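The next block holds one structure in the form of structure tokens; read it before the comments.
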Ligand SMILES: Nc1ncnc2c1ncn2[C@@H]1O[C@H](COP(=O)(O)OP(=O)(O)O)[C@@H](O)[C@H]1O
Ligand SMILES: [Mg+2]
């Protein structure tokens, strides 16, 4: 592949006897949207957790921009330019929308070990937080407490917080799950826009959305990569039809 | 609530405290001095419990170390220079907090409670069983710290009123210091850690560093309170750092209102006054005290100070300006 932003080589993760990630080798090309699909329990979230440092693998290597980031803690991986959103909403429930984005935006200061001047005077952080809020479509909800918002809006905020850290590579774990049609379309539009300047790794069940925005597609089943290639290649793959897409249609 | 109406009760309280020695007898000046000292101690704990999400059950260790540092260094001195004694106490308490914090912040929840309790009990038993430092009899100090420039006394804490104002200034400075760091970038991070530490880490913060700094700052301020208590009573013993003392501090913070800073001041008034006057009423006063604490926690789960916004809103609704439920229950110090 021409220019891989992220390479993973023979990555494995076990939970007791369960092999959630089984010898996965993949490359992600810079500037592309790479979707990962697969049935529930296929190991998609586990893979994202390994990439973001939330879990550390039993075996294998992860290279980001050529640097080995295997087993780095989450905060170091975030600082290197990998942002993630969570499948299970993971926000500061008692903070307002804006405060949620603020904490994210402030993480790009060299250090937050600053004790004397009020944080609100930090112009750059303020702008970064406002921009993220605008991008995720929550500007009108700026001062609403996050826990008081709808589930779909909380999912949007999840994306906004990720954006406020200004990452180069975005790991999105089912960003559309639980969203209404309207919100979904809005977020798909946002992802499409983000794709112009970022690399996206997108886990998503909504196949229309996947086919609409993805360049590359990987199908995972039982912790393994079943097939990987361009969207066209996967669509016409016999194995995938049987193992996954067929199943979806049968349901 | 506007910042004016919010700070009004504080200003009134401060003015009352400033004028108090003009009217109060020496006994009451001494009693309120003790309340102020306990308020500093509880406020420092509120930084951990109310703002960082660290429920420490060993906070009294730093209170005790602040007092012992003063007593050990100056028990045989002919004069206690304030500008040597005070930094020494702060440093000793801060260092102890660095050690205890470094070990304990790696755990969370109930484990954090247990490990802070265990480590502080180690300090307790060290002093309890150390004949050099008086064992369980403790150490007496016959002098009060003095602030001198050259050979000139600027401030002699031997005077009860001087001590009172020195303690009050310490309380005000502690409050302002905490407000300052809570509004600074550091404060944003620790509040976020309290809300959801996992997410803070995922956003790129090394959370242990922030928790440790918070722990050390809180320990140092507890050391300030311990220094004042030691200097005020002239008597330092292991009971200063017993788990009982840590528990009382937690009760004061919860009683007054967690995560408010001013709540612990109110809590300190309630608890210390009750501790002083209940024994005159009944010999089962501790039972009564426990009952009062439990009732407040049951009926005012956000602490005694959550009454203030309610009262304010009651006054306002009587004037015909209704206040939304959300606003009336919201109690926070940053605007
Ligand atoms: N922390 C964990 N501990 C134990 N088992 C886990 C853990 N996380 C995931 N698993 C298991 O690993 C498998 C893959 O899960 P996951 O990665 O969440 O799948 P997906 O996101 O594709 O639905 C599932 O069988 C799940 O039960
Ligand atoms: Mg998943």
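Of all the residues that make up segment A:50-85, how many are in a helix (DSSP H, G or I), touching a helix residue (DSSP H, G or I) at 6+ places or on another chain (Cβ under 9 Å) and within 15 Å of ligand 1 (Cβ to nearest atom)? First the steps, then the outcome.
Restricting attention to segment A:50-85, the residues satisfying the condition of being in a helix (DSSP H, G or I) are A:50-52, A:74-79.
When the remaining residues are screened for being touching a helix residue (DSSP H, G or I) at 6+ places or on another chain (Cβ under 9 Å), the result is A:51-52, A:74-75, A:77-78.
When the remaining residues are screened for being within 15 Å of ligand 1 (Cβ to nearest atom), the result is A:51-52, A:74.
Here the count works out to 3.
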Item checked: The lone exception for residue A:18 - which of (1) within 16 Å of ligand 2 (Cβ to nearest atom); (2) surrounded by 15 or more Cβ atoms within 10 Å (Cβ to Cβ) it fails -> (2)
Margin query: If I ask for residues that are over 19 Å from residue A:131 (Cβ atoms) and in contact (Cβ under 8 Å) with a residue 40 or more places away in the chain, which ones from segment A:65-81 would you list?
Written below: A:65
Notebook entry, point to check: Say we look at segment B:168-180 and pick out the residues that are surrounded by fewer than 20 Cβ atoms within 10 Å (Cβ to Cβ) and within 11 Å of chain A (Cβ to nearest Cβ); which of these is farthest from the chain's Cα centre (by Cα)?
Noted result: B:180
Margin query: Please pick out the residue among B:218, B:192 that is free of Cβ contacts under 8 Å to residues at least 40 places away in the same chain, in contact with a helix residue (DSSP H, G or I) (Cβ under 7 Å, 6 or more places away or on another chain) and within 14 Å of chain A (Cβ to nearest Cβ).
Written below: B:192
Check: Can you tell which of A:66, A:83 is at positive phi and more than 16 Å from ligand 2 (Cβ to nearest atom)?
Finding: A:66
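Please find, among A:188, A:203, the residue that is surrounded by fewer than 22 Cβ atoms within 10 Å (Cβ to Cβ) and in contact with a helix residue (DSSP H, G or I) (Cβ under 6 Å, 6 or more places away or on another chain).
Details: A:203 fails: surrounded by fewer than 22 Cβ atoms within 10 Å (Cβ to Cβ).
Only one candidate qualifies: A:188.
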Next item on the list: Count, please, the residues in segment B:287-326 that happen to be part of a helix (DSSP H, G or I), at pLDDT below 85 and farther than 22 Å from residue B:50 by Cβ.
Entry: 7
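It is to be established whether one or more residues within segment B:221-233 are within 14 Å of chain A (Cβ to nearest Cβ), touching a helix residue (DSSP H, G or I) at 6+ places or on another chain (Cβ under 9 Å) and part of a helix (DSSP H, G or I).
Step one: list which residues in segment B:221-233 are within 14 Å of chain A (Cβ to nearest Cβ), which gives B:221.
Of the ones still in play, those that are also touching a helix residue (DSSP H, G or I) at 6+ places or on another chain (Cβ under 9 Å) are B:221.
Narrowing further to those that are part of a helix (DSSP H, G or I): B:221.
Taking every residue of segment B:221-233 in turn, at least one turns out to be within 14 Å of chain A (Cβ to nearest Cβ), touching a helix residue (DSSP H, G or I) at 6+ places or on another chain (Cβ under 9 Å) and part of a helix (DSSP H, G or I).
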Item checked: Any pair with Cβ under 6 angstrom, 6 or more apart, that starts in segment A:217-241 at a residue that is within 14 Å of chain B (Cβ to nearest Cβ) and ends at one that is more than 12 Å from ligand 1 (Cβ to nearest atom) -> none
Check: If a residue has to be loosely packed, with under 15 Cβ neighbours inside 10 Å and either under 21 Å from residue A:90 (Cα atoms) or within 15 Å of ligand 1 (Cβ to nearest atom) (or both) to count, how many in segment A:24-49 make the cut?
Finding: 2
Checklist line | Residues satisfying the stated conditions in segment A:21-40, i.e. within 14 Å of ligand 2 (Cβ to nearest atom) and either part of a strand (DSSP E or B) or at pLDDT 95 or above (or both) | finding: A:21, A:35, A:36, A:37
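Given the condition within 16 Å of ligand 2 (Cβ to nearest atom) and either within 14 Å of chain B (Cβ to nearest Cβ) or closer than 24 Å to residue A:65 by Cβ (or both), answer yes or no: does some residue in segment A:174-191 qualify?
yes
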Notebook entry, point to check: With segment A:95-171 as the region, which helices (runs of 4 or more DSSP H) entirely inside it contain at least 2 residues that are facing chain B (nearest Cβ under 8 Å) and buried (at least 21 other Cβ atoms within 10 Å of the Cβ)?
Noted result: A:97-106
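The values are calculated or read from the model by the stated rules, or taken from the named source; none is laboratory data. As the structure is a computational prediction, the values presented were derived from the model and not from experiment. Virtual Cβ from ideal backbone geometry, glycine too; neighbours counted across all protein chains shown.
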